[in-house]
Amino acid sequence: MLSNDELTRGMPFILQLREAAGGRPTWVETLRGENASRWYEIYRHSDWAMLRQEAGRVFHHRVTAEEAERVRHAGRCVVIRTDLVDAGELQPAGAD
């Protein structure tokens, strides 16, 4: 569960998926408030259908594996990592 302080100040979320070509694309976003709560629930329940539908609107900062590791080691964060979702399955921003 995220604390009130984490919701207010923001919590880093790391999203790592798979690609058909074998890569591991990774994005990092600092989410706050209701957005952080929603993504924490997506993570907690492994809601891959919702991830496919909403990640393209939320995760925009693609990073290297090294950059993601720096964020992961810098403090508390949420890491969403799954092989059940291909990066090509994400709906693009603005698609509804």
Kindly check whether there is at least one residue in region 77-86 that is without any contact (Cβ under 8 Å) to a residue 24 or more places away in the chain and of a type in the set (Lys, Arg). no
Would you confirm, using the coordinates I've provided, whether ARG52 is out of contact with any Pro (no Cβ under 7 Å at 6 or more places or on another chain), surrounded by 15 or more Cβ atoms within 10 Å (Cβ to Cβ) and of a type outside the set (Phe, Trp, Tyr)? yes
Can you tell me which condition SER37 does not meet? The list is (1) loosely packed, with under 14 Cβ neighbours inside 10 Å; (2) of a type in the set (Ser, Thr, Tyr); (3) touching a Leu at 6+ places or on another chain (Cβ under 8 Å), and all the others hold. (1)
Tally time: how many residues in region 22-34 are buried (at least 16 other Cβ atoms within 10 Å of the Cβ) and either polar (S, T, N, Q) or over 14 Å from LEU51 (Cβ atoms) (or both)? 2
Inside region 34-73, can you point out the residues that are over 13 Å from PHE13 (Cβ atoms), at pLDDT 95 or above and either of a type in the set (A, V, I, L, M) or in contact with a helix residue (DSSP H, G or I) (Cβ under 9 Å, 6 or more places away or on another chain) (or both)? GLU34, ASP47, TRP48, ALA49, MET50, ARG52
Can you give me the number of residues within region 66-85 that are more than 11 Å from VAL28 (Cβ to Cβ), aliphatic (A, V, I, L, M) and surrounded by fewer than 14 Cβ atoms within 10 Å (Cβ to Cβ)? 1
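The values are calculated or read from the model by the stated rules, or taken from the named source; none is laboratory data. Just so it is clear, the structure is predicted and the values come from calculations on it, not from any experiment. A quick note on method: Cβ atoms are made from the backbone with ideal geometry, for glycine too, and the neighbour counts reach across all protein chains shown.
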